[in-house]
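Down below is the structure, laid out as structure tokens.
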Amino acid sequence: MRDRLRNLNFIDLFLWVVRAAIVAVILVGTVKTILSNPYTLRNWEDFIIFGIAQGSMYALIAIGYTLVYGVLQMINFAHGEFFMSGIFASTSAVAIPLARAGYLASHPIPSLLLIALCSILISIAISLLTERIAYRPLRHAPRLMPLITAIGASFFWQYYFRGLFGSQVIPFPDIPQLEGTVPFLHTQVLKSHVLVIFVTLVVLIGLNFFISRTRPGKAIRAVAENKDVAALMGINVNRTISLTFATGAAMAGVAGMLYALVFHQVHFFMGFIPGIKAFTAAVLGGIGSIPGAAVGGLFLGLFESLGPSLFLQSLGIPAFNQLKDVIAFTMLVLVLIFRPQGIVGERLKEKKA
């Protein structure tokens, strides 16, 4: 303890004061909100349900980040565009024509399945093209090069789809069967939120089965552990890496579909903010861990939904509802300070970190 205090410099002291101040603000704001009790039980239930629905979409996108990082140890900043491309193209080419023909309203289930399938396939196609053309030639290059390439690929796909479908915000067609609410405990839950949570649970269970029980899933785990040993065991490493990108993109395609159902609009830039938030969720849960991505997405959604009202309102901060991004990234900083490996992540060995 004396050695640590002796080695403490001004910068370390300043950082610890900042960390303590952030924790103190959160604790004081939380206690004051609890004592003043400005919200009803129904309000808190609404916050929680919205946070779970929002976090479910973050979790599906975050899985793509964590799968690619687990296999290649690279941050694929173009993943947000995999999320955007599928639903942006599907809305313009499938959903709107179906709505105009009246088929979407009269046959919602087959229509939604068709739109989701198109969204998934387009996202997978974009991810495989990106992996084959932009990433594979740089597989043995220094880490900075694929990182910069990923940023370039992100911009390329944004403006490619802007050229295809325009820069305007395109409204996703309304589906009468998904409008309205259903009763749950003391509140009413939007039908679209129920669908988001249900679909996310089904997809996560299916992904867990795919990764843990099937031969392609075991191949992904083997390549993530050691590519050379996996190749010696007869696993096609290039094909497995492509499969990893395709799996993550499929999750992003589903998330894009759910996003359109909740927010009712798509545009060429829609992948940026959810992509950054999903990357944050992946780091929050523990980058490289699939359960961590799911847990991180859920926590991030809850922080965004509950944080402004719980932490900031009682402190008299104006427009506190507009500070949800500040809450989300502050929580990320706190988790990384006190648990750098993430909520459920494991400490990486120096060789792999």
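The values are calculated or read from the model by the stated rules, or taken from the named source; none is laboratory data. In this text, all values refer to a predicted model and were calculated from it rather than measured experimentally. Every residue, glycine as well, gets a Cβ built from its backbone with ideal geometry; the counts of neighbours run over all protein chains shown. Heavy atoms of the whole protein, side chains included, go into the accessibility calculation; ligands, DNA and RNA do not. Shrake-Rupley method; radii C 1.70, N 1.55, O 1.52, S 1.80 Å.
Points worth noting:
- Placing unit charges on the Cβ atoms of the charged side chains and taking the dipole of the chain about its Cα centre, the candidate lying farthest along the positive direction among Leu336, Ile175, Phe269 is Leu336.
- Largest accessible area first, the residues Tyr159, Tyr69, Tyr135 order themselves as Tyr159, Tyr69, Tyr135 under a 1.4 Å probe with ligands, DNA and RNA left out.
- A simple spin-label model places pseudo-atoms 7 Å from Cα toward Cβ; at Ile151 and Phe210 they are separated by 3.0 nm.
- Residues whose amide H comes within less than 5 Å of that of Gln265, counting only those at least five positions distant or on another chain, are Phe172 (H built at 1.01 Å from N in the peptide plane).
- Lys, Arg +1 and Asp, Glu -1 on Cβ, resulting dipole of segment 54-202 about Cα centre, debye, nearest 20: 360 debye
- Under 5 Å, built H, 5+ apart or other chain: amide partners of Val189: Val182, Phe184
- The chain, accessible surface, carbon-and-sulfur percent (1.4 angstrom probe): 68 percent
- Think of each Lys and Arg Cβ as +1 and each Asp and Glu Cβ as -1; about the Cα centre, that makes the dipole of the chain roughly 1000 debye.
- Dipole in debye (nearest 20) - segment 41-136, about Cα centre, beta carbon charges: Lys, Arg +1; Asp, Glu -1: 200 debye
- Based on Cα contacts under 8 Å between residues 6+ apart, the chain shows a relative contact order of 33 percent.
- Zone of Lys218's modelled label, taken as backbone nitrogen in segment 228-248 under 20 Å from a point 7 Å along Cα→Cβ: 228-244, 247
- Sorting 211-223, 33-45 by their mean Cβ neighbour count within 10 Å, with the most densely packed peptide first, gives 211-223, 33-45.
- Per residue value of the accessible surface for the chain (all protein chains in place, 1.4 Å probe), Å²: 52 Å²
- Here segment 80-141 and segment 159-176 have alpha carbon centers that stand 12 Å from each other.
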